[in-house]
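Undergrad: One structure, as structure tokens, below. Some questions next.
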Amino acid sequence: SIASELTGSIYQLSAQDVSKVTWAYAKLSFAEPRFVAALSEASVSHMAEFQPANLANILWACAKLSNKTERLIDSLCGTSMSLIGDFGAQNLANTVWAIATLNFTLTEKMEAFIEHSIKKIHEFGPQSLSNTSWAFAKMEQKFDELMDAISAEAMAKIGEFETQNISNTAWAFATLRIEDQPLMTMLSDEVMAKIRHCSCRDIASMSWAFARLHMPNPELLRALSGIVLERVPEFEAKGLSNTAWA
């Protein structure tokens, strides 16, 4: 197979090629242990040659493949933080999403990461905004200035948000117990307009988020409840319990 051939010649690949191969196989959810281990070692050997996009893509791939090789993750995080000023908006969002997904916590040079994220917040699209808020909530790290910037940008781009972006953002603010009434009102209005496109997980997350923040929205809850009743067989037990609790 191609993966077997690459495993045997992995150290002949350039840094750019290692990044591309890692990303491509993660997209395919190909996680054969020997191949992943070889890619991990090759990535560490090329670490000093990686550009910000390479670093972000490999971290994203690690998260997708649940690759928690400590030597690799530590090296990726350390190198990323040293180059953080060169990261674009999507690279910033992908990096923090990956770290949170892997159940690590971003600590080194946190101030620099937040500073550059705020500086480039206008470049963040809906998915980057929601992924960044989700990641910091997942890591249980609350930084008011960053969350305020995310809130303002989310409200400015609310019409572009898909239902998953809406539910992830609501979940993040509720998890961090940030009672941002203007944002939550706009999120609820937007989800009402797109309610037929909501997944079961979106519905459960939105219901839970509004209940946790004690921000009742009877119209939204009625709409969500109606969708739940129509789609009960599609819900997982946890989703139903969260919705019922709300």
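Undergrad: Any idea how far apart E145 and T105 come out in nm if each label point goes 7 Å out from Cα toward Cβ?
TA: So the two model labels end up 2.1 nm from each other.
Undergrad: Which residues among segment 176-200 fall inside the zone where the amide N is under 18 Å from a point 7 Å beyond the Cα of A152, along Cα→Cβ?
TA: What the label zone holds, given the 18 Å backbone N cut-off, is 179-184, 186.
Undergrad: Would you mind checking which residues have amide H under 5 Å from E162's amide H? H placed 1.01 Å from N; only 5 or more apart, or other chain.
TA: Here nothing satisfies the definition.
Undergrad: For the chain, what does the accessible surface come to per residue with a 1.4 Å probe? Please give it in Å².
TA: Details: 11890 Å² over 246 residues.
Normalised by residue count, the accessible surface of the chain is 48 Å².
Undergrad: Quick check: the angle from helix 33-45's long axis to the longest principal axis of the chain, C-alpha only, nearest 10 degrees?
TA: 70
Undergrad: Only helical DSSP H runs with n ≥ 4 go in: add -39500 (n - 2.57) per run for the chain, normalise by residue count and round the 222 nm mean residue ellipticity to 500 deg cm²/dmol. Provide the component values of the computation, followed by the final result.
TA: Numbers: 14 runs with 169 residues, N = 246.
That comes out to -21500 deg cm²/dmol.
Undergrad: Can I ask one more? In whole Hz, what ³J(HN,Hα) sequence does segment 69-85 give by Karplus (6.51, -1.76, 1.60; θ = phi - 60°), x for Gly and Pro?
TA: Karplus-based 3J(HN,Hα) across segment 69-85 equals 3, 4, 4, 5, 5, 4, 5, 4, 5, x, 5, 4, 5, 6, 10, 4, x Hz.
Undergrad: Can you work out the Karplus-derived ³J(HN,Hα) for every residue in segment 90-98? Use 6.51 cos²θ - 1.76 cosθ + 1.60 with θ = phi - 60°, whole Hz, and x for glycine or proline.
TA: Couplings: 5, 5, 4, 5, 5, 5, 5, 4, 5 Hz.
Undergrad: Once neighbouring chains are kept in place and the probe is 1.4 Å, which whole percent of the accessible area of the chain is contributed by carbon and sulfur? Display every interim value, and only then the final one.
TA: Numbers: 6010 of 11890 Å².
Carbon plus sulfur share of accessible area: 51 percent.
Undergrad: Let me ask another. Under a 10 Å cutoff between Cα atoms, tell me which one of M147, M155, M215 has the largest fluctuation in the Gaussian network model of the chain.
TA: M215
Undergrad: At what distance in nm do the modelled label points of E70 and E162 sit from each other, each positioned 7 Å from its Cα along Cα→Cβ?
TA: Label-label distance for E70 and E162, simple model: 3.7 nm.
Undergrad: For a quick check, take a GNM of the chain with Cα springs below 10 Å and name the residue from F113, F143, F161 with the largest mean-square fluctuation.
TA: F143
The values are calculated or read from the model by the stated rules, or taken from the named source; none is laboratory data. Computed from a predicted model, the values in this text were never measured in an experiment. Using ideal geometry, Cβ is built from the backbone for each residue, glycine included, and neighbour counts are taken over all protein chains shown. We work out accessible area using only protein heavy atoms, side chains counted, and drop any ligands, DNA or RNA first. Shrake-Rupley method; radii C 1.70, N 1.55, O 1.52, S 1.80 Å.
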